[in-house]
Structure formats: C-alpha cells, structure tokens
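Worksheet: the structure to be examined is printed underneath.
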Amino acid sequence: MWADSVQAAVTAIRQAGATSQIILLPGNNWTSAETFVSNGSADALKEVTNPDGSVTNLVFDVHKYLDSDNSGTHEDCVTNNIDNAWAPLAEWLRCNGRQAFNTETGGGNVASCETFMCEQVAYQSANSDVFLGYVGWAAGNFYQGYVLGEVPTDNGNGVWTDTALVSACLAPNAQK
C-alpha cells in the first residue's frame with residue numbers, strides 16, 4: 001500500500017514537469033537502513049518507476065543513527081552501522097541496480113562519534129556507486145542544547161569553527 005502512494009507521488013511529480021530531478025523514495029519504520037530490506041521496503045519500492053518504466057533518479061531515502069537505539073537522542077555512539085546496515089544494504093542495492101541516500105544520520109560531539117561517524121562516512125564514500133551521500137542531522141542554532149548539534153562557533157572575529165564531529169567526519173568528505 002505504501003509503495004502505491006509513493007508510485008502515485010512519483011508519477012504526479014514527473015507529469016508536473018520534473019522529469020530529470022532526483023526523487024527520494026522513503027520506506028517504512030522511519031526508513032531505517034538496517035531494516036530497509038528485511039521489512040519489505042526495498043522490495044516494495046523497487047517496483048516504483050518513472051512513467052516511462054525506468055528507475056532513473058529514483059533513489060531510496062534511508063536513515064541510520066549511531067547511538068544505542070538508533071534514535072539520534074543520545075550523545076554517545078556505539079556503532080558505525082557497517083556490518084548491520086550499510087554492507088547488507090549495499091549488497092542489495094548492487095544486486096538490484098539501485099542507489100540510496102543517507103538523508104539522516106548523526107551523533108554527539110564526543111570521541112566515540114568521531115570514530116564511528118568517520119568510519120560510516122568513509123564506508124559510504126567507498127561505496128559511492130550505491131550510496132549517493134549523507135546528511136548530518138542537527139537542530140541548527142535555534143536550539144543550542146540539542147545533543148546532535150552541528151552549529152559552528154562564532155569566534156567573534158568573523159571566523160567560524162566547526163564542531164569536532166563536522167570537522168573530523170562530515171566536512172572533509174564533502175565535495176567542494
């Protein structure tokens with residue numbers, strides 16, 4: 001049923017004239033990369049096509065946090081998610097000729113997250129044939145106390161300093 005709704009949205013978007021843009025296709029269960037295949041999202045959404053029957057620029061939208069319960073609400077990170085989520089998903093994507101985008105990931109500005117986030121991002125970058133990129137999830141500057149903050153610090157002289165996590169893991173891998 002969800003895939004039918006996604007198909008209707010894709011068809012409407014393409015018929016409205018957006019014929020070459022990427023459309024992200026979200027799954028269920030908060031579109032978790034870990035359960036994307038096992039919960040049926042992948043198999044259901046692989047049937048979603050453009051009106052011409054192609055799957056060009058139809059990309060799976062997946063999320064995965066690095067904390068203990070994958071909620072993105074804890075400062076500490078406990079995993080890079082490679083063995084339990086990214087490697088199995090990469091295999092499925094390759095076997096089915098599809099791609100995904102990690103549209104929501106994050107961790108606190110602590111050493112464990114620098115380690116695990118950098119490993120996760122490096123894995124996704126090394127598998128860029130199936131993973132198109134990632135987005136670090138954060139609250140922005142309106143809520144300074146958010147555990148996954150990525151807001152740079154204003155040094156008062158027009159120079160901004162990124163958080164440790166952004167500097168170590170997210171920004172070095174961004175295409176400039």
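The values are calculated or read from the model by the stated rules, or taken from the named source; none is laboratory data. Everything numeric here is computed off the predicted structure, so don't read it as measured data. Neighbour counts are summed over all protein chains in view; Cβ atoms, including those assigned to glycine, are modelled from backbone coordinates with ideal geometry.
Keeping to segment 1-33, report how many residues are part of a loop (DSSP other than H, G, I, E, B) and either more than 20 Å from the chain's Cα centre (by Cα) or of a type in the set (Lys, Arg) (or both). Steps first, answer last, please.
The initial filter retains those residues of segment 1-33 that are part of a loop (DSSP other than H, G, I, E, B), namely 1, 16-22, 27-28, 33.
If we keep only those that are either more than 20 Å from the chain's Cα centre (by Cα) or of a type in the set (Lys, Arg) (or both) too, we end up with 1, 16-20.
Matching residues across segment 1-33 total 6.
Mind checking whether some residue in segment 35-49 is farther than 18 Å from residue 9 by Cα, at pLDDT below 95 and not in a strand (DSSP E or B)?
No, segment 35-49 contains no residue that is farther than 18 Å from residue 9 by Cα, at pLDDT below 95 and not in a strand (DSSP E or B).
Taking segment 121-139, which residues are over 12 Å from residue 62 (Cβ atoms) and either of a type in the set (S, T, N, Q) or buried (at least 19 other Cβ atoms within 10 Å of the Cβ) (or both)?
121, 125, 127, 128, 136, 138
Residue-by-condition table, conditions (1) touching a residue at least 60 places away in the same chain (Cβ under 8 Å); (2) within 18 Å of residue 126 (Cα to Cα):
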| site | (1), (2) |
| --- | --- |
| 12 | no, no |
| 25 | no, no |
| 30 | no, no |
| 34 | no, no |
| 44 | no, no |
| 84 | no, yes |
| 103 | yes, yes |
| 107 | no, no |
| 115 | no, yes |
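Could you run through segment 91-148 and say how many residues are closer than 19 Å to residue 25 by Cα and part of a loop (DSSP other than H, G, I, E, B)?
Pass one, segment 91-148, residues closer than 19 Å to residue 25 by Cα: 91-105, 124, 128-137.
Retained after the next criterion (residues that are part of a loop (DSSP other than H, G, I, E, B)): 96-99, 128-130, 137.
The number of residues fulfilling the criteria is 8.
Being surrounded by 19 or more Cβ atoms within 10 Å (Cβ to Cβ), among the charged types (D, E, K, R) and not in a helix (DSSP H, G or I) narrows it down to one residue among 52, 76, 67; which is it?
On the way: 52 fails: surrounded by 19 or more Cβ atoms within 10 Å (Cβ to Cβ); 76 fails: surrounded by 19 or more Cβ atoms within 10 Å (Cβ to Cβ).
Step by step, each of 52, 76, 67 is checked, and only 67 is surrounded by 19 or more Cβ atoms within 10 Å (Cβ to Cβ), among the charged types (D, E, K, R) and not in a helix (DSSP H, G or I).
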